[in-house]
Amino acid sequence: KVNGLEFAVKDLGLAESGRHQIRLAEHEMPGLMATRKEFAASQPLKGARIAGSLHMTVQTAVLIETLVALGADVRWVSCNIFSTQDEAAAAVAVGQGTPEAPAGVPVFAWKGETLEDYWWCTDQLWDFGDGKVANMILDDGGDATLLVHKGVEFEAAGAVPQPAADDPDEFKVVLETLRKSVAADGKRFTKLAGEIKGVTEETTTGVHKLVELVKSGELLFPAINVNDSVTKSKFDNKYGCRHSLVDGINRATDVLIGGKVAVVAGFGDVGKGSAESLRGQGARVIVTEIDPICALQAAMEGYEVKTLDEVVEYADIFITTTGNYDIITADHMAKMKHQAIVGNIGHFDNEIDMAGLEKTPGVQKLEIKPQVHEYTFTDGHSIIVLSEGRLLNLGNATGHPSFVMSNSFTNQTIAQIELFTKPGEYAKDVYVLPKHLDEKVARLHLDALGVKLTKLTKAQAEYIGVDVNGPYKPEHYRY
Ligand code: NAI
């Protein structure tokens, strides 16, 4: 705590630069700014204490300050060790004023955390002072939600288990973090979970985890799946990655992408945006897929669809977008050509077998610059790995641009209002926002692009069986 501010950021001196960037971003985030205006008087989040775990970027700063503008108390961490923009974190920690006149939000995030730092930060989310704890979670990838669920599980068992030898390193850190916390207060997470009205989850991978918790009957509070708002996954995952994938590759390597052979593993929403991103630079893009529908879509878009084994020896750039694990193995990497670029844009780093690569006999790791490493094999050839296998668009660049994030974060804000103000309407299950709200989010972004929407006549609306004011599509429509 300094001058009444609570934070762990790289350098508060970056706050002014961060504030300028936030101001420019606000102009590009019309959905969030309209939401601030709409709810300024009613303050629907008054009394909400939101624990937020989502990449601490400039765009996220605009989200945080929107939640605060709607009445919420907020504490924030990043959901990835490399994704924080230190100037955004500083600006949020300081608030609108100067360091001498603070009104900041507690932020615990910096670019280049260790795993121990990361989980320590995540554990700073819960206590709001004066005996008050968080009553809402805003999550991206499910780590904050995981910590609460594991905490409750171990408190009920009366002890935090010793890690098993084959537990991933990161899980060992989670166990250590919980051991300290539970030793201090053996009911901390149980009390916390009792207060939490719900979680709003940003991304595909986090939603998968929530669905698993519902299936096993373990979900402790209601959840809104923000990812599957159409105005989130069909925009952020696709057009966001179309922008930020090549941004990350360029900032990391500055290798000419045109003419190169690029492999995109997975052709879901992120894969579609990523393939287009590379093709836009003139790369010859090859897609790998396990799902025949997505494989056929890729073929129809004009991409070759192959298996990784077929192309591993001649492609120049490899990008994983699957949300699955072990997509690129150490064996694959050993077979790649000299200075092939390997990166992941899916949520977790286990899409690329980094542990296996590190253990490859004789392999040498050299840091070219932060988040860019060259691994040289014993035969002398090397590959370039971006962001140590973590999502490279946020590790090597600054993630998605403001306009697309305004769509995602307007959904987040609406979802927080839903769960906080209507707790009785949601059970311990995973919900998506109703379509009329999805359409509202899109509508808020039309003017800025000069879009002129055609208005249905009453007769036309009756003819196709919808209301003049929407929703315009049935639930099963896929866009
Ligand atoms: P999705 O489910 O739409 O797409 C994933 C695709 O990968 C599916 O089509 C699936 O069939 C395919 N796939 C699964 N296993 C495969 C394998 N072994 N080989 C080839 N293809 C395989 O999911 P979405 O929305 O595209 O998200 C993907 C990942 O990206 C998730 O982890 C998500 O959380 C993350 N994400 C990252 C963002 C970023 O800014 N870096 C933004 C949005 C999502």
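Below is a table of values for the structure above.
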| quantity | calculated |
| --- | --- |
| Yes/no for P434 being within 16 Å of the ligand (Cβ to nearest atom), surrounded by fewer than 23 Cβ atoms within 10 Å (Cβ to Cβ) and of a type outside the set (F, W, Y) | no |
| Residue match in the stretch 294-302 (condition: modelled with pLDDT of 95 or more and touching a helix residue (DSSP H, G or I) at 6+ places or on another chain (Cβ under 6 Å)) | no |
| Any chance L278 is in contact (Cβ under 8 Å) with a residue 12 or more places away in the chain, crowded, with 16+ Cβ neighbours inside 10 Å, within 11 Å of the ligand (Cβ to nearest atom) and not β-branched (V, I, T) | no |
| Those helices (runs of 4 or more DSSP H) lying entirely in the stretch 37-123 with at least 1 residues over 19 Å from N135 (Cα atoms) and acidic (D, E) | 86-94, 115-122 |
| In the stretch 442-453, the residues that are surrounded by 12 or more Cβ atoms within 10 Å (Cβ to Cβ), without any contact (Cβ under 8 Å) to a residue 40 or more places away in the chain and among the hydrophobic types (A, V, I, L, M, F, W, C) | L446 |
| Verdict on T84 being modelled with pLDDT of 95 or more, crowded, with 24+ Cβ neighbours inside 10 Å and in contact with a Leu (Cβ under 7 Å, 6 or more places away or on another chain) | no |
| Residue list for the stretch 420-430, filter: among the charged types (D, E, K, R) and touching a residue at least 60 places away in the same chain (Cβ under 8 Å) | K428, D429 |
| Pair list, Cβ under 6 Å, 6 or more apart: the stretch 31-51 residue over 20 Å from P106 (Cβ atoms), other residue of a type in the set (G, A, S) and crowded, with 23+ Cβ neighbours inside 10 Å | G31/S406; L32/S406 |
| Of all residues making up the stretch 414-468, the number that are among the aromatic types (F, W, Y) and assigned to a helix (DSSP H, G or I) | 2 |
| When residues of the stretch 397-418 are limited to those that are buried (at least 24 other Cβ atoms within 10 Å of the Cβ) and within 11 Å of the ligand (Cβ to nearest atom), the one farthest from the chain's Cα centre (by Cα) | V404 |
| Qualifying positions in the stretch 229-246 - within 11 Å of the ligand (Cβ to nearest atom) and in contact (Cβ under 8 Å) with a residue 60 or more places away in the chain | K232, K234, F235, D236, Y239, G240, C241, H243, S244, L245 |
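Yes/no per residue for (1) under 23 Å from G240 (Cβ atoms); (2) in contact (Cβ under 8 Å) with a residue 40 or more places away in the chain:
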| site | (1), (2) |
| --- | --- |
| I341 | yes, yes |
| F377 | no, yes |
| N396 | yes, yes |
| N407 | yes, yes |
| Q412 | yes, yes |
| E418 | no, yes |
| V432 | yes, yes |
| K440 | yes, no |
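The values are calculated or read from the model by the stated rules, or taken from the named source; none is laboratory data. The structure displayed is predicted, hence computed values, not measured ones. Reconstructed Cβ throughout: ideal geometry from the backbone, glycine too, with neighbour counts over all protein chains shown.
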